[in-house]
Structures are given as C-alpha cells and as structure tokens.
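Asks: First the structure, which I've put down as structure tokens, then a few questions once you've had a look.
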Amino acid sequence: DTGVSQDPRHKITKRGQNVTFRCDPISEHNRLYWYRQTLGQGPEFLTYFQNEAQLEKSRLLSDRFSAERPKGSFSTLEIQRTEQGDSAMYLCASSLSPVGSGLSYNEQFFGPGTRLTVL
Amino acid sequence: AQSVTQLGSHVSVSEGALVLLRCNYSSSVPPYLFWYVQYPNQGLQLLLKYTSAATLVKGINGFEAEFKKSETSFHLTKPSAHMSDAAEYFCAVTPNSGYALNFGKGTSLLVTP
C-alpha cells in the first residue's frame with residue numbers, strides 16, 4: 001500500500017533561485033491538495049486540484065508560485081525567485097472526491113512533506 | 001469563514017495521566033472537524049473525525065473527542081498517556097466534505113516518565 005510521496009524531502013536553495021517540488025498521490029485519488037507549514041504553525045492551504053483542474057487557490061499563493069497537475073496524477077509546485085520567507089515545509093495531500101462515493105467525507109492523506117530552506 | 005483555536009501551544013502530562021487537548025471552532029454551518037497528529041519530520045496522520053454523526057468520536061491509539069455544539073468545542077482526550085503519544089497535535093475544520101482544511105496552530109504534547 002503506497003501512500004502519498006513527495007520529492008525531494010529536503011531542498012536548500014539560495015534566494016532568487018527557482019525550485020520545483022513533486023507530489024505523487026495515492027493512485028486512485030482524484031483530489032490533490034498543497035499546504036504550507038511554517039515553524040510553530042499549523043498547515044495553511046495553498047491550492048487544490050480535482051483531476052487536472054485547479055479549483056481553488058489561496059491568497060497565500062503569490063504570483064511566484066505555480067502548481068500543475070497535467071494528467072490528473074502527480075502534481076508539481078514551483079516557486080520562482082525564492083525569498084527567505086518561503087522557507088517552510090510544503091505538504092501534499094490527496095483524497096477521493098466524496099461525490100458519488102456514498103460517503104459524507106473522504107479523508108485527506110498527507111505525504112511526508114518537502115522542507116525548503118532559502119538562504 | 002471556518003476556523004479553529006487551540007488553547008495551549010504546549011501541554012505536559014505524566015505517563016499514565018489523562019491527556020486533554022483543547023479545540024474551539026468557529027463555523028457558520030455545521031462543520032466537519034478533525035484531529036491530526038504529526039511526529040517529527042513526518043506528515044500528518046488522521047486521529048479522528050467528526051462528520052455530523054455521533055457526537056462522541058473514537059479514533060486511533062485510544063484517543064477520542066466529543067463534539068459540543070453549545071460550547072463550539074471539539075476537545076481531544078485520552079485516558080492514559082503513553083510516551084509514544086509525544087507529538088504535535090492539530091485540530092482542523094472544513095465546511096464541506098472533500099474541501100480544504102483550516103488548521104489550528106497546534107499543541108505540542110510532552111509526556112514525562
């Protein structure tokens with residue numbers, strides 16, 4: 001049983017560089033979420049996809065951030081021109097859409113996260 | 001907007017003592033409420049969830065939580081703490097199933113021998 005995987009687990013970069021993270025959801029899950037967690041805080045929602053469609057973006061997702069899920073499977077999150085304030089743990093989660101599932105709620109399963117440090 | 005407030009950023013209990021982690025929610029509609037646990041350098045694991053069925057919800061590892069609408073609370077309890085329970089605990093809310101979660105700031109649980 002493979003869960004949600006994220007790559008890389010750790011990334012150290014210099015300010016101004018671009019970085020890209022990858023998330024592979026649980027295979028049958030059609031929803032995929034990105035969250036950001038800074039030190040001492042709870043995760044904050046960034047964006048989510050249903051299949052390949054990006055259905056919502058948080059105001060936290062500035063123009064330097066872009067997320068894709070081109071074939072409705074894995075997703076990438078790119079940060080351009082990184083800033084020190086981008087240093088955080090980036091978490092990915094996946095779930096089945098509850099529509100048509102017969103359940104009132106479908107659990108979000110989280111990956112281990114990618115820890116980004118911007119120097 | 002739906003939100004949760006976790007009272008106490010750090011809680012310390014002795015092994016074998018009662019664990020009580022507090023969470024109050026704010027929601028204009030009947031919410032879905034969750035407790036997640038996070039161990040160091042790991043992702044989040046769902047402990048339990050309230051989805052408008054039974055108000056007393058039992059989860060994994062002996063944890064349970066009670067939804068109290070009159071108090072807008074969803075506190076997490078465990079009768080007897082184990083050393084392995086030491087972790088960060090997050091309460092979360094969402095207005096609809098399958099929607100983005102709004103997390104609290106977390107409570108760090110320390111269990112002492």
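Asks: List the residues whose amide H sits under 5 Å from the amide H of B:Leu47, counting only those 5 or more places along or on another chain, with H placed 1.01 Å from N in the peptide plane.
Replies: Those qualifying (amide H under 5 Å, at least 5 residues apart or on another chain) are B:Trp35, B:Tyr36, B:Val37.
Asks: Here's something else I'd like to know. Roughly how many nanometres apart are two label points built 7 Å out from the Cα toward the Cβ at A:His10 and A:Glu107?
Replies: With each label point 7 Å from Cα toward Cβ, the separation is 2.9 nm.
Asks: Would you mind telling me which residue in B:Leu21, B:Leu48, B:Leu56 has the biggest mean-square fluctuation in a Gaussian network model of chain B, where springs connect alpha carbons within a distance under 10 angstrom?
Replies: B:Leu56
Asks: For B:Lys58, list the lysines whose Cα falls under 26 Å from its own Cα; do not include residues on the same chain fewer than 8 positions away.
Replies: B:Lys58 reaches B:Lys49, B:Lys68, B:Lys69, B:Lys78, B:Lys105.
Asks: I would also like to ask the following. Towards the positive end of the charge dipole of chain B, with charges on Cβ (+1 Lys, Arg; -1 Asp, Glu), say which of B:Gln38, B:Ala92, B:Val11 has the farthest Cα.
Replies: B:Ala92
Asks: Only bridges whose two residues both fall in the protein assembly as shown count here: according to DSSP, what percent of them are antiparallel, nearest 5? Numbers along the way, then the final one.
Replies: On the way: 69 of 78 bridges.
Antiparallel: roughly 90 percent of the beta bridges in the protein assembly as shown.
Asks: Further question: For chain B, give me the percentage of DSSP beta bridges that are antiparallel, rounded to the nearest 5 percent.
Replies: 90 percent
Asks: Another question, then. Positive end of the dipole of segment A:1-81, charges at C-beta (+1 Lys, Arg; -1 Asp, Glu), about the Cα centre: which of A:Leu60, A:Tyr48, A:Gly72 has its Cα farthest in that direction?
Replies: Going by the charge dipole, the pick is A:Leu60.
Asks: Can you compute the modelled spin-label distance between B:Glu15 and A:Thr38, with each label point 7 Å from Cα toward Cβ, in nm?
Replies: 3.7 nm
Asks: Find how many whole Å separate the alpha carbon centroid of segment B:62-109 from the alpha carbon centroid of segment A:36-67.
Replies: 22 Å
Asks: Now, a different point. Lone cysteines in the protein assembly as shown, going by a 4.7 Å Cβ-Cβ cut-off?
Replies: none
Asks: Another question about this same structure. So if I place +1 on the C-beta of Lys and Arg and -1 on the C-beta of Asp and Glu, and nothing else carries charge, what would the dipole magnitude of segment B:1-109 be about its Cα centre? I want it in debye, nearest 20.
Replies: Values: 7 positive and 6 negative charges, 46 e Å.
Computed about the Cα centre, the dipole is about 220 debye.
Asks: Once phi is turned into θ = phi - 60°, what whole-Hz ³J(HN,Hα) does the Karplus curve with 6.51, -1.76 and 1.60 give for every residue of segment A:71-84, x standing for Gly and Pro?
Replies: Result, rounded to whole Hz: 10, x, 10, 6, 10, 10, 10, 10, 10, 9, 6, 4, 10, 4.
Here, each number is a calculation from the coordinates, and none is a lab measurement. These numbers were taken from a predicted model, which means no experiment stands behind them. No Cβ is skipped: glycine too gets one built from the backbone with ideal geometry, and neighbour counts run over all protein chains shown.
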